[in-house]
Amino acid sequence: GAVVSQHPSWVICKSGTSVKIECRSLDFQATTMFWYRQFPKQSLMLMATSNEGSKATYEQGVEKDKFLINHASLTLSTLTVTSAHPEDSSFYICSARVGGGFGQYFGPGTRLTVL
Amino acid sequence: AQSVTQPDIHITVSEGASLELRCNYSYGATPYLFWYVQSPGQGLQLLLKYFSGDTLVQGIKGFEAEFKRSQSSFNLRKPSVHWSDAAEYFCAVGAQAAGNKLTFGGGTRVLVKP
């Protein structure tokens with residue numbers, strides 16, 4: 001149980017285009033979803049926290065107009081990287097949580113490469 | 001604000017040998033500590049966690065970790081490493097004051113020699 005999927009697992013796009021990444025909790029309803037960014041050989045950096053039906057809360061330094069997060073249902077959150085540029089190339093990971101504790105279930109990640 | 005330091009970026013260990021991964025944290029209140037493992041193509045998997053009580057915590061896959069408040073450490077150990085343990089390991093601290101968010105260390109990549 002507690003499986004989180006991400007789609008796509010890998011995407012290449014041209015500079016200036018937008019890319020949408022989906023995060024789904026497959027067998028449970030997630031009250032909260034988190035989006036992380038991981039640079040090569042570095043740690044996970046929290047980008048934003050989203051609760052179903054409400055606006056996402058972004059961490060300091062994360063551009064909310066560039067990284068649009070939608071949490072339309074208890075099983076789906078999307079991250080849209082708008083007008084992507086090469087510096088946005090990274091590994092994006094989502095996680096889902098039930099309730100308000102520390103238990104997060106992580107997706108396998110999406111590798112974004114912007115040419 | 002909380003922070004986590006994993007001093008070792010890479011560790012190479014022979015199969016069957018013991019493994020210890022270091023983790024130091026900084027947090028002003030009672031720490032909630034975690035170890036995760038990240039394998040290619042898979043999401044981070046929780047190995048173990050410490051909230052309170054016994055400072056020696058047992059986890060999955062034969063891992064254990066010891067919480068030492070005096071040293072602000074939460075080191076991960078395994079007595080005998082298997083080739084399948086090759087992966088990236090992350091230590092994390094959870095902050096109740098920050099909505100139970102997790103702050104991760106930089107990670108330690110473990111390579112297992114046959």
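The values are calculated or read from the model by the stated rules, or taken from the named source; none is laboratory data. Given the structure is predicted, the values throughout are model-derived calculations rather than measurements. All Cβ positions, glycine included, derive from the backbone under ideal geometry; neighbour counts span all protein chains shown.
List of remarks:
- Residue among B:Pro40, B:Pro31, B:Pro114, B:Pro79 that is over 30 Å from A:Trp10 (Cα atoms) and at pLDDT below 90: B:Pro31
- A residue that is in a loop (DSSP other than H, G, I, E, B), more than 14 Å from every other protein chain (Cβ to nearest Cβ) and out of contact with any Ser or Thr (no Cβ under 8 Å at 6 or more places or on another chain) can be found somewhere in the range B:73-84.
- Of everything in the range A:41-62 that is in contact with a strand residue (DSSP E or B) (Cβ under 8 Å, 6 or more places away or on another chain) and part of a loop (DSSP other than H, G, I, E, B), the residue that is farthest from the other protein chains (Cβ to nearest Cβ) is A:Gly53.
- Selection of the range B:2-29 for residues being loosely packed, with under 14 Cβ neighbours inside 10 Å and touching a helix residue (DSSP H, G or I) at 6+ places or on another chain (Cβ under 8 Å) yields only B:Ala29.
- Set A:Lys41, A:Lys55: member being within 17 Å of A:Arg97 (Cα to Cα), surrounded by fewer than 13 Cβ atoms within 10 Å (Cβ to Cβ) and not aliphatic (A, V, I, L, M): A:Lys55
- Selection count, the range B:12-67, where residues are among the hydroxyl-bearing types (Ser, Thr, Tyr) and more than 12 Å from chain A (Cβ to nearest Cβ): 9
- Residue match in the range A:19-32 (condition: aliphatic (A, V, I, L, M), more than 11 Å from the chain's Cα centre (by Cα) and outside any loop (DSSP other than H, G, I, E, B)): yes
- Residue within the range B:38-50 that is part of a loop (DSSP other than H, G, I, E, B) and farther than 22 Å from A:Lys41 by Cα present: no
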